[in-house]
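The values are calculated or read from the model by the stated rules, or taken from the named source; none is laboratory data. If you're wondering where the values come from, they're calculated on a predicted model, not measured in any experiment. Note that each Cβ is placed from the backbone with ideal geometry, even for glycine, and that neighbours are counted across all protein chains shown. The area values use the complete protein model at the heavy-atom level, side chains included, leaving out ligands, DNA and RNA. Shrake-Rupley method; radii C 1.70, N 1.55, O 1.52, S 1.80 Å.
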Amino acid sequence: MRKELDYFSIDAAYGGIQDWFPDPMMRLGGCAIVTACDSSIYFCQRKGAEHICPTDPVPLTKQDYIGFAKKMKPYLHPRWKGINKLEIYIDGFGQYLRDVGETRLHMRPLQGNCPVQEAEQALCEQIDKGLPVPCLLLHHRDKSFEDYDWHWFLLTGYECLEDTMMVKAVTYGAWRWLDFEQLWRTGYREKGGLILYDWEETA
């Protein structure tokens, strides 16, 4: 069984790309900004939260995206150790949402040290509700995940196979299917985790 969110493209890229940013620090450490911007655009387009984005979301251009990222930067600005805790993302993006008057979108953390079965269930429930899932991966012993080392990205789909759950990871303007259990079992004590969005539908 496969379930994928209806995502968006910008100038042929699948979501935003931090390499677009003219600011060197944002290119180096702006992945949390991209994750928050992409989440905002998704909620704007799919949930009708137009005021989350500072520009008309359809069609959104590369320059629109860069301008939006600059507005998001003060809330999730690059720092020495990066946005290395789920709570930093929740605090920063949460403040942005409050400042633009968005009260329907809420966040809660799912720490990376919880059992993989619990994380799989939570992720499936989010996707089934039509919600993207921000993921923070710190270090990973498996070199096949080196593109995701110390990185924020979005999970926008899942596929349950016979004994494996694959997840659709979106970053760098592209997507890739990953084995979720391998992704989750990093081999390090210090872990990231998932952000679970809660969206309150209006009556």
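A few comments on the model shown:
- Separation in nanometres of the label points that stand 7 Å from Cα toward Cβ, at GLU4 and ARG46: 1.2
- When +1 charges are put on Lys and Arg Cβ atoms and -1 charges on Asp and Glu Cβ atoms, the dipole computed for region 26-81 relative to its Cα centre reaches about 340 debye.
- Karplus-derived HN-Hα couplings along region 120-135 (A = 6.51, B = -1.76, C = 1.60, θ = phi - 60°), whole Hz, x at Gly and Pro: 4, 4, 4, 5, 4, 4, 5, 4, 4, 7, x, 10, x, 10, x, 10
- Across TRP184, TRP175, TRP150, the residue with the most accessible area heads the list, and the full order at a 1.4 Å probe is TRP175, TRP150, TRP184.
- Two-site FRET efficiency, HIS139 against ASP56, from Cβ-Cβ distance with R₀ of 30 Å, rounded to 0.05: 0.15
- Computed with a 1.4 Å probe over protein heavy atoms only, the accessible surface of the chain comes to 48 Å² per residue.
- Computed log10 I(q)/I(0) for the chain at 0.18 Å⁻¹: -1.34, from the Debye equation with unit scatterers placed on every C-alpha and solvent omitted.
- Leading residue at positive end of dipole, the chain (Cβ point charges), from ALA32, SER144, TRP184: ALA32
- Nearest-0.05 FRET efficiency for LYS129 and THR103, computed from C-beta distance (R0 25 Å): 0.85
- For the residue pairs LYS3/LYS71; LYS73/LYS143; LYS3/LYS81; LYS62/LYS168; LYS143/LYS191, the alpha carbons lie more than 28 Å apart in LYS3/LYS71; LYS73/LYS143; LYS3/LYS81.
- Reachable aspartates and glutamates from LYS85, criterion Cα separation under 15 angstrom, eight or more residues apart if same chain: ASP149, GLU190
- When the residues GLU181, GLU159 are ordered by accessible surface, computed with a 1.4 Å probe over the protein chains alone, the sequence from largest down reads GLU181, GLU159.
- Nearest-20 debye value, region 55-118 charge dipole, Cβ charges on Lys, Arg, Asp, Glu: 260
- Whole-Hz couplings from phi, Karplus 6.51/-1.76/1.60, listed for region 157-170; x for Gly and Pro: x, 8, 9, 8, 9, 4, 9, 9, 10, 9, 10, 8, 9, 10
- Taking each residue as 0.36 nm, the span from ASP147 to LYS81 lengthens on full extension beyond its C-alpha to C-alpha distance by 22.0 nm.
- Computed helical MRE - 222 nm, the chain, DSSP H runs ≥ 4 contributing -39500 (n - 2.57), nearest 500: -10000 deg cm²/dmol
- The value obtained for region 136-191, namely the Cα convex hull volume divided by the number of residues, is 75 Å³ per residue.
- Sites THR164 and GLU118 - FRET efficiency at Förster radius 25 Å, r taken between beta-carbons, to 0.05: 0.90
- Of the residues GLY112, THR61, VAL167, the one whose Cα sits farthest towards the positive end of the charge dipole of region 50-203 is THR61 (charges of +1 on Lys and Arg Cβ, -1 on Asp and Glu Cβ, taken about the Cα centre).
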